[in-house]
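Undergrad: Below: one structure in structure tokens.
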Amino acid sequence: MKKYLLNLSLLFTFNFVFAQQIKQNNYTTQATNFSSPAQASYKSYVVNPVPTTTTSTCMSINLPTPSAWTLSNYGTGTPIFSSGFVNGPNTYGDKEKAMYFDVSASANTMITQVYVGFNHAYSATPTKTLAIRIYDGTGGTVGAALGTSTITMATIMSDVAANRYSVVFFPTPINLPVSKKFFASVDVTGLQWPTIGTKDSLSILSNTSPQTTPTPVWERQTDNLWYNYADAVNSWSLNISLLIHPFLTQAPVVATYTTSGSTICSGQNVNYNSAGSTAGTYQWSFGAIATPTAAGATAAATYSAAGTYTTLLIVSDACGSLAGAQSTVTVKVKPTVTASPSSTTICNGTNVTLSGGGASTYTWTGGVTNAVSFAPSSTTSYSVSGTAVNGCTNIAVATVSVNPIPSVTANASTNVICNGSNVTLTGGGASTYSWSSSVTNGVAFFPTSTNTYTVIGSANNCTNTAVVSVSVNPLPNVTANTTATTICSGSNVTLTGGGATTYTWTSGVTDGLSFSPISSNTYTVSGTTNNCSSTAVVSVSVNTSPNVTANATATLICLSTGVTLTGAGATSYTWTSGVSDGVAFTPTSTSIYSVTGSDLNGCSGTATIQVDVSPCTSIQSLVSLNTNIVIFPNPNNGEFTISSNKTETVTIINDLGQIIENFELNQSNNYSYKVTNLQSGIYFLVNQSLKQKIVVTH
């Protein structure tokens, strides 16, 4: 029945260009049914391009595909593929498609993997699996199963979309029968092609009939019997070859490696060495880390996050036969270590404490002990290694900046002052200054006593101190003293200072030296002790002395004649020679009388007057006794005095009538004139009312 249907019209061919150079295999989506985790991880291995090498120890069958093949995709039904695929699921319920191989001429004895070229792959349930089997073909027909592996529709669909081969591995290579004749099949019983409903599409590419005669392709139908494709009664009457490519070898590929460690801390490296593995191509996979894959006989991976990672080594020989080895790396959490200084900026000589955090124990560089204070001498970065309970360590760094202590100076505008004087204190060597005793830097103030002042200078938040002393000398308690506060003009007074060491007076006065003020005045004395001075004042009142005159009722009288002397210009008068003012007396000889006149201020003045007493027996008797002019002494030796009690103009002439001298007696000369150096002889003093003889003898 099946043959009849095929012969009528239900078999179609579809030419399909299958470029060998881009037909690759990507194992990243394989779901191969391996028996161990290491075998299951083969699916992450990428082969590009598909190995096609045949050597003395391995071979791949029909790779590359023979150049005479024209690749086709066979379907059934009208329109094409509506009833399914000749080399896949279809309305006939075919269960398995197989390709026969005879490698009896080869020295290879085992199968490691099979590559299959699929097309038109789809399933609504991508987790569905297909079995790839190896059967004994010694009798020329499908015999006993020798081994099985599986692949998911998801993997096949991905491979078809990328135009690449799908591959299945036999982690334990399948030994060939002695005849080295076998079948490699694709079991599609996991797929359905229902009359109604969602269908699973899958087609194995082949060459075009009759490019392979006799056909090596067989199928297992719904009756579980195997039929050759060329069977015109029971099968498709096709002479083709499927794109099924077994890989053969004489010895299994060996994959093994050593590691530098299986338990590490996050962030550490693990070094891998494939020594002992079969020579060939090495592909490493490290799991979900920053470097997921590597190639080469040795490799290294950095594990930055904690967890358990599976490392896989895939070793491929020259024919592409694979072996895998795997191990796990346990990555422990590395502590997040912190380095915390008690202060990040300190002053030289100040202590700081460095404390580690995030671990259990800590080791610092620079001789620092964790949480123990010390005094850094300069700005330094300190590294701490913190170790967690799990033995993992990490490092953190703390920098402590050390600012220098400023060299502060304390300066005074002067260190010794007098009480009441000001002084200015200024700091140096820093940026800002704070003084004790409420002093403001650079502002003058008035200390009242000797004191020591402290300045705190700051720079970069570091401080230092300095001191300066200011001695305050007391002002002397100066006094101004006088021998008299009131004097009469012409009298002396002495001013002296007290309470100091040295004294300076105003108005040209010398301390302790008497002088005669000419008027009332106030005198200031500056007394100095220890360079400090103060002043005092004293006033001296000067009363004007009276202008006393001496008057006589007559200045030339005869013996036994009385005369009265009176003073003028004062309040009271005292005469010498027992004379009483205003009281007449009788002089017995020519005499000069002195009068002292005192006023109400106690000041006095003096005046003199001469009263000449003549016996009245010489030329003098010719002269009027009422004259006011007196000559004494007379006779004389050439020196004598002429006085009067009023203004008189007189002339001295010699006995020849020659004028010797003219002068006036007036108030300016106190009505008195002294004549000197007259030669011996007779002279006459004459005026309008007088001619008096003067006798000069030597």
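Read-outs throughout are calculated quantities, based only on the coordinates presented, and are distinct from any laboratory measurement. Predicted, not measured: the structure shown is a model, and the values here were computed from it. Backbone-built Cβ (ideal geometry, glycine too); neighbour counts: all protein chains shown.
Undergrad: As a test of the formula, what do you get for the chain when each DSSP H run with n ≥ 4 contributes -39,500 (n - 2.57) and the sum is divided by the residue count, at 222 nm and rounded to the nearest 500 deg cm²/dmol? Present the calculation step by step, with values, prior to reporting the outcome.
TA: Details: 3 runs with 17 residues, N = 698.
Computed mean residue ellipticity for the chain: -500 deg cm²/dmol.
Undergrad: Now for a different question. When only alpha-carbon atoms are used, what values of Rg and Dmax, in angstrom, describe the range 125-181?
TA: Cα only, the range 125-181: 14.0, 40 Å (Rg, Dmax).
Undergrad: Moving to a separate point now. Taking every DSSP beta bridge that has both residues in the chain, what percent is antiparallel when rounded to the nearest 5?
TA: 90 percent
Undergrad: At ASN530 and ILE660, where each label point lies 7 Å from the Cα along Cα→Cβ, what is the point-to-point distance in nanometres?
TA: The answer from the label model is 7.5 nm.
Undergrad: How compact and how long is the range 549-696, expressed as Rg and Dmax of its alpha-carbon atoms in Å?
TA: Both quantities, over Cα of the range 549-696: 15.8, 54 Å.
Undergrad: Which one of PRO341, VAL233, ASN601 has its Cα pushed farthest toward the positive end of the charge dipole of the chain, where Lys and Arg give +1 and Asp and Glu give -1 at the Cβ?
TA: Going by the Cα projections, it comes out as VAL233.
Undergrad: OK, next. Distance in nm between label sites at VAL372 and ASN271, each 7 Å beyond Cα in the beta-carbon direction?
TA: 3.7 nm
Undergrad: Could I ask something else about it? Gain in length, SER104 to THR344, computed as 0.36 nm per residue apart minus the alpha-carbon separation, to one decimal in nm?
TA: On the way: separation 240, 0.36 × 240 = 86.40 nm, distance 8.25 nm.
Full-extension gain reported as 78.2 nm.
Undergrad: Hey, another quick one. Here are labelled values, (1) 188; (2) 311; (3) 395, and one is the computed volume of the Cα convex hull per residue in Å³ for what I pasted. Which one?
TA: (3)
Undergrad: Still on this model: Based on the Cβ-Cβ distance from ILE80 to SER355, what FRET efficiency comes out when R0 is 60 Å, to the nearest 0.05? Intermediate results must be reported in sequence, preceding the final value.
TA: Values: r = 80 Å, r/R0 = 1.33.
Rounded to the nearest 0.05, the efficiency is 0.15.
Undergrad: Still on this structure, please answer the following. Going by average Cβ neighbours within 10 Å, how do the peptides 530-539, 130-139 rank, with the highest at the top?
TA: Details: 530-539: 16.1, 130-139: 20.7.
Highest to lowest by the protection proxy: 130-139, 530-539.
Undergrad: Using the Cα centre of the chain as the reference point, and only Cβ charges (+1 on K/R, -1 on D/E), how large is the resulting charge dipole? Debye, rounded to the nearest 20. Intermediate values should be presented prior to the final figure.
TA: Details: 19 positive and 20 negative charges, 663 e Å.
It works out to roughly 3180 debye.
Undergrad: Which FRET efficiency value, to the nearest 0.05, is calculated for THR522 and THR450 with the Förster distance at 35 angstrom and r the Cβ-Cβ distance?
TA: Using R0 = 35 Å, I get an efficiency of 0.50.
Undergrad: If you don't mind, another one. R0 = 51 Å: FRET efficiency of THR544 with THR414, Cβ-based, nearest 0.05?
TA: Working: r = 50 Å, r/R0 = 0.98.
After rounding, the FRET efficiency stands at 0.55.
Undergrad: Along the charge dipole of the chain, which of SER534, SER572, GLY357 sits closest to the positive end, that is, farthest toward it, with unit charges on the beta carbon of Lys, Arg, Asp and Glu (+1, +1, -1, -1)?
TA: The listed residue farthest towards the positive side: GLY357.
Undergrad: Charges on Cβ only, +1 for Lys and Arg, -1 for Asp and Glu, centred on the Cα centroid of the chain; of PRO615, GLY320, THR195, which one is farthest towards the dipole's positive end?
TA: It is THR195, whose Cα lies furthest towards the positive end.
Undergrad: Hey, another quick one. Counting only the backbone N, which residues of the range 234-271 are under 11 Å from the spot 7 Å out from the Cα of ASN390 toward its beta-carbon?
TA: Under 11 Å, as judged by backbone N against the label point of ASN390, lie 264-267 of the range 234-271.
Undergrad: Take every DSSP beta bridge whose two residues both sit in the range 479-543, then give the antiparallel share in percent to the nearest 5. Before the final figure, lay out each step's value.
TA: Working: 18 of 21 bridges.
If we restrict to bridges inside the range 479-543, about 85 percent are antiparallel.
Undergrad: Ranked highest first by the average count of other Cβ atoms within 10 Å around their residues, in what order do 606-613, 666-673 fall?
TA: Working: 606-613: 20.9, 666-673: 14.2.
So the order, starting with the most tightly packed, is 606-613, 666-673.
Undergrad: For the pair SER591 and VAL467, how long in nm is the line joining their label points, each one 7 Å along Cα→Cβ?
TA: 8.6 nm
Undergrad: Further, regarding this structure: Would you please put 271-283, 544-556, 222-234 in order of how densely packed they are, using the mean number of other Cβ atoms within 10 angstrom per residue and starting with the highest?
TA: The peptides rank, most packed first, as 544-556, 271-283, 222-234.
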